[in-house]
Amino acid sequence: MIGQLIFIIILVAAIYLFSKNVGKIRRNILLGKDTDRSDQPAKRWRIMAKVALGQTKMVKRPVAAVMHFFIYVGFIIINLEVMEIMIDGIFGSHRVFSKPLGSLYGLLIGSFEVLAVLVLTSCVVFLIRRNIIHLKRFSGVEMTEWPKSDANYILCIEILLMTAFLTMNAADYKLQALHFGEYIKAGNFPVSSLIAPLLPSSAHALVITERVCWWFHICGILAFLNYLPYSKHFHILLAFPNVYYSNLSLKGKFTNMPSVTNEVKAMLDPSFTPPAPAEGEVSRFGAKDVTDLTWKNLMEAYTCTECGRCTSVCPANITGKLLSPRKIMMDTRDRITEVGKNIDMNGKDHDDGKTLLDTYITREEIWACTSCNACVEACPVNINPLEIITELRRYSVMEDAQAPASLNNMFGNMENNGAPWKYSQADRFNWAENK
Amino acid sequence: MEDINPEVNGNSEIENSKSETFKVPTMAEMLAEGKEPEILFWVGCAGSFDERAQKITRDICKILQHVGMSYAVLGTEESCTGDPAKRAGNEFLFQMQAMTNIEVLNGYNIKKIVTGCPHCFNTIKNEYPGLGGTYEVIHHTQLIQQLIDEGKLKAEGGESFKGKRITYHDPCYLGRGNNVYEAPRRALEILDTELVEMKRCKSNGLCCGAGGAQMFKEAEKGNKEINDERIDEVISINATVVAAACPFCMTMLTDGVKHRDKEDEIKVLDIAEITVRANRL
């Protein structure tokens, strides 16, 4: 009874804390400017099914794709087991599904165990790739202490959880063989039966092992749940809405800024009266800080799991330039988190004197981009770092008048001669002269 | 990278060509004669001013004339689409250019456009409609593919590419930007030659380094030029011809070949040039 009470308290506290932190992230995301991504729902569901659920963009790197798939399927399927654990915890039952499900239960437990081994193995391989082989993709200026630790924590926690799960089952399996108490026969336990011989043989020690593992497993899961909002691992939740709200246009198509259209129309046609700007609309061109970006940009920042596929295909990064698309996303997340904390602590209009551009992302980074869309193509969850880079450039050029000098020359040429180079418009047709 | 060869209309050689003189019709002339061409050829700034790209522009005209397609150009009425300004963040300048161009295009009642440059192609096709300019826009490699599929264009009577190893460099704004991967390859497949793909091709293609207005500025500090990185990949697969489909890629790849001292071994040719050569137009 006491156990049930403790369990319920822990469960409620964990869910409350998690909801509170998710609420904060939601609030932070909605600090971004509005953008309409509600069109074509059927197409959006399809893309979500394909890219998020089906993980079709992961396969570009097959090794990682297979391992990740094990962990992903493991995560989803083992949730059934977690459901049982929750019910057992609340009602003080033991393996509540085993009776109603009958032989299917044994099959399910068997598949959970196989998946658990696959998850465990994948996590070990991932740890090796990060910490022993030192895969280049997992290094870079933005991969500082915290992001590296974050990745390792996630993998270690998953290994511990799976180990606890298998040990728990092994103890259970042994107790079943002893026909001890409530431990009734519930399937074959294909994996844990193999490690069972490693466990002590006394029923008392086995019960302690089983209970400790049970509590460790479920408390670990609840703790992990509450770790998510602080971690890159939050992608397991946001990947789905983030893909749903993907940009459905062709990658080459950049937005035409309506605020600029109005001004240009007024310039070309003096009789044109631009519509009054919508209420609350910031009159800034481009983005200087995270709140100038759209909510989708900010959602993407929280979705990024820092896998570095974007950076590894970025032509600027490959050739040693400062730009790293992953850093653009991580900086955006760090900054919006900071802005959110400022609001919590100092109220809505607090100015901490920092901005995304310059404090976090330097001009050198944004001017190294070739807008080639390789990063966008590479992202398994349809994150678009190029949109953010473009917005920062727009601010630099249109608000700050701080483009590189050679680009200012190009602008001047285009304005005066209708070409980015210094050629006369009158010479534009010379190429056709009798060749 | 900052400057292109300022020499306009030098006496560049037209190898393998019948060297027939041709007259390029302008929209203004067409209008005066009360005619409407089937398609407008949007030449683009590089195609108009860059010496190397001018040759490709003329080759596209040769193809159009060879198949007897009625076309015209804007000539001196054409102006930059605004692409480099837009990618650089100067949305004002972009929209000024766009609206001015749209006025000209709509004034001539243009319905269909073929461009010689993926940047012009992308901008007019995707970004002009929102500003009042909606046209059917194709890139010249798509036109070539259509002509091949219709049987109007073959690869015969001209230079043989036999024994050469040709690879195709995907321009970002044609490939990833607009998912056009097969059209340019189709033009190469009809050649009697070996097509080899680089590891980074199609949607994984590596940029030449010129996009996003990089063409008009010095590269930021790094340890390698992007075009050298690309040419190293070309060298690694022992290709002897790199097919391009973008004037900026053309400049970057040609420079890369020069940097690696491979001018004798590796030729950079536009799909239009290859087509013209293969047919001796």
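Tell me the label-point distance for the pair B:Lys258, A:Thr56, using the 7 Å Cα-to-Cβ offset, in nm and rounded to one decimal.
4.3 nm
Is the C-alpha gyration tensor of region A:258-417 telling us rounded, prolate or oblate? Criteria: a/c under 1.5 is rounded; beyond that, a/b larger than b/c is prolate, otherwise oblate.
Because a/c hits 1.5 or more and a/b fails to exceed b/c, region A:258-417 counts as oblate.
At a Förster radius of 35 Å, what calculated FRET efficiency corresponds to the Cβ-Cβ distance of A:Ala203 and A:Val63, to the nearest 0.05? Could the numbers behind the result be given before it?
Values: r = 44 Å, r/R0 = 1.25.
My answer for the efficiency is 0.20.
Leaving out ligands, DNA and RNA, what percent of the accessible area of region B:27-146 is carbon and sulfur, probe 1.4 Å?
On the way: 1670 of 3290 Å².
Heavy-atom surface of region B:27-146 belonging to carbon and sulfur, 1.4 Å probe: 51 percent.
What's the angle, to the nearest 10 degrees (0 to 90), between helix A:385-394's Cα axis and the longest principal axis of chain A?
That helix lies at roughly 30 degrees to the long axis.
If the only charges are +1 at each Lys and Arg Cβ and -1 at each Asp and Glu Cβ, what is the size of the charge dipole of the protein assembly as shown around the Cα centre, to the nearest 20 debye?
2100 debye
Output the 0 to 90 degree angle, nearest 10, between the alpha-carbon long axis of helix A:62-91 and the longest principal axis computed from the alpha carbons of chain A.
Here the helix axis deviates by roughly 50 degrees.
Between B:Asn238 and A:Thr163, take the C-beta separation as r, use R0 = 60 Å, and let me know the FRET efficiency to the nearest 0.05. Before the final figure, lay out each step's value.
Details: r = 51 Å, r/R0 = 0.85.
About 0.75, to the nearest 0.05.
With a 1.4 Å probe on protein heavy atoms only, work out how much accessible surface B and A bury together, total over both chains, in Å² to the nearest 100.
That pair hides around 6100 Å² of surface in total.
Based solely on its DSSP helices, what 222 nm [θ] is calculated for the protein assembly as shown when runs of n ≥ 4 H residues each add -39,500 (n - 2.57) and the sum is averaged over all residues, nearest 500 deg cm²/dmol? Before the final figure, lay out each step's value.
On the way: 29 runs with 358 residues, N = 716.
So the calculated ellipticity at 222 nm is -15500 deg cm²/dmol.
What number comes out for accessible area per residue over the protein assembly as shown if the probe is 1.4 Å? Units Å², please.
Value for the protein assembly as shown: 42 Å² per residue.
Would you please classify the overall shape of the protein assembly as shown from the alpha carbon gyration tensor, given that a ≥ b ≥ c denote the square roots of the eigenvalues, rounded means a/c under 1.5, and beyond that prolate means a/b larger than b/c while oblate covers the rest?
Details: a/c = 2.69, a/b = 1.92, b/c = 1.40.
Taking the square roots of the gyration eigenvalues as a ≥ b ≥ c, the protein assembly as shown is prolate.
For region A:258-417: lysine pairs with Cα atoms under 17 Å, gap of 8 or more or different chains, count?
Lysine pairs, 8 or more places apart or on different chains, close enough: 4.
What FRET efficiency do you get for A:Ala223 and A:Ala276 if R0 is 51 Å and r is their Cβ-Cβ distance, rounded to the nearest 0.05?
0.50
The values are calculated or read from the model by the stated rules, or taken from the named source; none is laboratory data. This one's a predicted model, so the numbers in the text were calculated from it and none came from an experiment. Every residue, glycine as well, gets a Cβ built from its backbone with ideal geometry; the counts of neighbours run over all protein chains shown. Accessible surface is based on the protein model in full, side chains and every heavy atom, while ligands, DNA and RNA are left aside. Shrake-Rupley method; radii C 1.70, N 1.55, O 1.52, S 1.80 Å.
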